[in-house]
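Have a look at the structure below, then the notes.
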Amino acid sequence: MTILPWLSALQRQLEPWPMAWPVTVLAALLGVAWLANFVTKKILLRGLHHVIERLSGPEHDTRLALRAVERLSNVVPSVVIASGLSLVPGLPAALVVLLQGACHVWTVATLALAASHAFDASNAFYERRPDARNKPIKGYLQVAKIIVFVLAGLSIVATLAGVKLLHVLTGLGAATAVLMLIFQDTLLSLVASVQISGDGRVRIGDWIEMPSQNADGDVIDIALHTVTVQNWDKTITTIPTKKLISDSFKNWRGMRQSGGRRIKRSIYLDQHSVRFLDDALQPRIYQFALLDDYLASKREELGQWNAQVAAVHPEPVNARRLTNLGTFRAYVERYLRTHPRINQNMTLLVRQMAPTEHGLPLEIYCFTASTAWAEYEATQSDIFDHLLAILPEFGLRVFQQSSDAMFMGLQRAQDCATPVVRG
């Protein structure tokens, strides 16, 4: 027995009840839509899940790709209902148009969301590439999302208004200026994203410093509108993408790529401790192995000079002599030249700066062999620990503003020494 005679017999049986047959057909349509949804999600999608996971491998996350497919599967029941509404007898034409429009709106919105998930999956797949950090595409995909959602919104408006999408797009020409004003930030961010991606001024993983935005840390995300920075105190700062074009900031990537991190720090010396090397200092100074070549060359140089001057002016004031400060400066330079954690291929110098009210600055300018923060700080601390400890051997003192601690100690000593008169 065929299906059509069976349906005809069922329709004749329901003739005493006028609404029974339309309700039965509508229920059957909903049942077919549910069945199509069940087959799509429980059978087709499950099999597709296994295929995608097997092709991607267990080390890759396939949830984003599966979300796009799952969202796309929601189109099936709406398409079935929209196609079968014309078969339901007795429904008013206006109601059929309304329900078909609702199905169309659902279909368009679902397709837009599925496209959004597909873009997210594409970005996740692209970020697996080694060069993805240098050329992020997240901003471009966000622009594509905006275009998809704008077109979806226009299609929904055209459906609800009962006009064609082409007519809606034509009418937008008059509103271009308004739309540019509304999407001004988006357009500026798009231009900034294209420029950032093109010249590579900011990449994911870069350490940037932007005081105007309270940002000082690593870039963890580059999007269309914002660049996300995780600061060193583990707080998160979002910077408008266009700010990276209009405002100044510091990118420390060059430091990391150079293979050395700069040390630029001064020791402030007490100028009253600077003097010539006398008989008391010379025995200690000549014990430093790092100064052997320096002292030998200086002895020869000063000996020749003084011999020439002494022939005309034999007074000691006209002779050249070594100073403890100059000798200490030579020692610091040789100490850095032989330090295993100092990059010897980069600039290294020890220079005397202009005296200040805080003392005489002796600046150490060099680069560490490691750019890691912890190793850099450890190397810098070790160097200055040694230099501060070795200063007294050269008869030098560090300049330090005095506090009242010494005077308070003297006052206590005097109070303790003063006899107490008891009446």
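The values are calculated or read from the model by the stated rules, or taken from the named source; none is laboratory data. Predicted model only: the values in this text are computed from it and were never measured. Cβ: placed from backbone, ideal geometry, glycine included. Neighbour counts: every protein chain shown.
Picking from residues in the stretch 306-321 that are touching a helix residue (DSSP H, G or I) at 6+ places or on another chain (Cβ under 9 Å) and part of a loop (DSSP other than H, G, I, E, B), the one that is farthest from L360 (Cα to Cα) is V312.
One line per residue, one yes/no per condition, for (1) under 30 Å from L396 (Cα atoms); (2) surrounded by 14 or more Cβ atoms within 10 Å (Cβ to Cβ); (3) of a type in the set (V, I, T):
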{"site": "V219", "(1), (2), (3)": "no, yes, yes"}
{"site": "T241", "(1), (2), (3)": "no, yes, yes"}
{"site": "S248", "(1), (2), (3)": "no, no, no"}
{"site": "R253", "(1), (2), (3)": "no, yes, no"}
{"site": "G260", "(1), (2), (3)": "no, yes, no"}
{"site": "S266", "(1), (2), (3)": "yes, yes, no"}
{"site": "S273", "(1), (2), (3)": "yes, yes, no"}
{"site": "L281", "(1), (2), (3)": "yes, yes, no"}
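Evaluation of Y294 against the conditions (1) in a helix (DSSP H, G or I); (2) surrounded by fewer than 17 Cβ atoms within 10 Å (Cβ to Cβ) shows that the sole unmet condition is (2). Entry remark, the stretch 224-283: residues being under 30 Å from S189 (Cα atoms), in contact with a helix residue (DSSP H, G or I) (Cβ under 7 Å, 6 or more places away or on another chain) and basic (K, R) number 2 in total. For the stretch 359-369, does any single residue satisfy the condition of being touching a residue at least 24 places away in the same chain (Cβ under 8 Å) and on the phi > 0 side of the Ramachandran plot? Yes, the stretch 359-369 has at least one match.
A single member of L98, L160, L166, L154 is part of a helix (DSSP H, G or I) and either within 38 Å of the chain's Cα centre (by Cα) or in the same structural domain as L224 (by TED's automatic domain parsing) (or both), and it is L154. Of the listed requirements (1) over 30 Å from H358 (Cβ atoms); (2) modelled with pLDDT of 85 or more, D279 misses just one: (2).
Whether any residue in the stretch 293-301 is outside the structural domain of D382 (by TED's automatic domain parsing), in contact with a helix residue (DSSP H, G or I) (Cβ under 6 Å, 6 or more places away or on another chain) and not small (G, A, S) is what I want to check. Checked the stretch 293-301: at least one residue is outside the structural domain of D382 (by TED's automatic domain parsing), in contact with a helix residue (DSSP H, G or I) (Cβ under 6 Å, 6 or more places away or on another chain) and not small (G, A, S). Residues in the stretch 100-137 that are of a type outside the set (A, V, I, L, M, F, W, C), surrounded by 18 or more Cβ atoms within 10 Å (Cβ to Cβ) and closer than 30 Å to S83 by Cα: H104, T107, T110, S116, H117. Scanning the stretch 228-248 for residues that are of a type in the set (V, I, T) and at pLDDT below 90 returns T241, I245. Of all the residues in the stretch 331-355, those that are without any contact (Cβ under 8 Å) to a residue 60 or more places away in the chain and closer than 17 Å to S273 by Cβ number 2.
Residues in the stretch 261-285 that are assigned to a loop (DSSP other than H, G, I, E, B) and closer than 18 Å to F384 by Cβ: D270 alone.
For the stretch 322-380, filtering for residues that are among the polar types (S, T, N, Q), part of a loop (DSSP other than H, G, I, E, B) and farther than 26 Å from L281 by Cβ leaves 6.
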